[in-house]
Amino acid sequence: MTDGPVRDRVDWRGRRIGRPLTPRRQALMADLLPRLRVGPPADRRLDPFSLFPARPREIWLEIGFGSGEHLAEQAQRHPDVGFIGCEVFVNGVAALLDHIDRRGLVNVRVFDDDARLLLPALPDACLARAFLLFPDPWPKTRHAKRRFVGAGNLALLARLLADGAEFRIATDDAGYVRWVLQQMGGCPDFAWRANGPSDWREPPADWLETRYQRKAQAAGRRPVFLCFERRPRRREA
């Protein structure tokens, strides 16, 4: 780990902080976050397996973990997996730290900035699973380039995901569903794990409901669950 995240330029337009943090969460940001914070080293390469007290069986990544309840629950259920969570929103980072502290989790590390700054530093085929759950859909056409799912980021994820690894996306925005299917359909490195409507209408068997999902359902918006698999790499003859 490094003392702080890399601060290269990135086209980020969302807010970074909301309501004032409670004294407890302010203390966690000051004391716990520096011990869990991830950032690329000076040579721009990072071994994610070296971030944890014991070498994990595999590494899972959550891009934009919101308030952290999904990431924390997954980490508690899978203590032999190392988790890296990326989130720019300060209140969300503080909420995840609260979960980590209360549950005594030792297999979570935090990148408190845009995931696009971290991913280039990770080695090939190092991720066994990646999550992108209820991201901002950026619904206006002129904002489409701000969506994480796009050619450049998909090429990067294809490099980082091991063969057979899963990229799991959830959204309650119909326009974003169409966008994801269009972008993923144009990326030959991924296969959509869907044989029928239940595969996107119903959550995966190990799904963990998020607070945002409950809010969406209460408002009458039906979530869609899209699971993609990293196709096997071509082997040199």
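The values are calculated or read from the model by the stated rules, or taken from the named source; none is laboratory data. Model, not experiment: these values are computed from the prediction. Cβ coordinates were reconstructed from backbone atoms using ideal geometry, including for glycine residues, and neighbour counts include every protein chain displayed.
Data overview
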{"quantity": "Subset of the range 152-167 that is outside any strand (DSSP E or B) and not basic (Lys, Arg) - its residue that is farthest from ALA130 (Cα to Cα)", "calculated": "GLY152"}
{"quantity": "Odd one out for LEU132 among (1) part of a strand (DSSP E or B); (2) over 16 Å from the mean Cα position of the chain (by Cα); (3) of a type in the set (A, V, I, L, M, F, W, C)", "calculated": "(2)"}
{"quantity": "Evaluation of ALA170 against (1) of a type in the set (A, V, I, L, M, F, W, C); (2) free of Cβ contacts under 8 Å to residues at least 60 places away in the same chain; (3) surrounded by fewer than 19 Cβ atoms within 10 Å (Cβ to Cβ) (one fails), failing number", "calculated": "(3)"}
{"quantity": "ASN153 without any contact (Cβ under 8 Å) to a residue 60 or more places away in the chain and crowded, with 20+ Cβ neighbours inside 10 Å", "calculated": "no"}
{"quantity": "Boolean, SER50 is in a loop (DSSP other than H, G, I, E, B) and among the polar types (S, T, N, Q)", "calculated": "no"}
{"quantity": "Residue count, the range 211-229 (criterion: closer than 21 Å to GLN182 by Cβ and over 19 Å from the mean Cα position of the chain (by Cα))", "calculated": "2"}
{"quantity": "Restricting the range 95-115 to residues that are more than 13 Å from ALA75 (Cα to Cα), within 16 Å of the chain's Cα centre (by Cα) and assigned to a helix (DSSP H, G or I), the residue that is modelled with the highest pLDDT", "calculated": "ALA95"}
{"quantity": "Qualifying residue in the range 74-91 (condition: small (Gly, Ala, Ser), in a loop (DSSP other than H, G, I, E, B) and crowded, with 20+ Cβ neighbours inside 10 Å)", "calculated": "no"}
{"quantity": "Single condition ALA144 does not satisfy, out of (1) within 20 Å of ALA75 (Cα to Cα); (2) outside any strand (DSSP E or B); (3) of a type in the set (Gly, Ala, Ser)", "calculated": "(1)"}
{"quantity": "Residue list for the range 1-48, filter: at pLDDT below 55 and either out of contact with any strand residue (DSSP E or B) (no Cβ under 8 Å at 6 or more places or on another chain) or charged (D, E, K, R) (or both)", "calculated": "ASP3, VAL6, ARG7, ASP8, ARG9, VAL10, ASP11, TRP12, ARG13"}
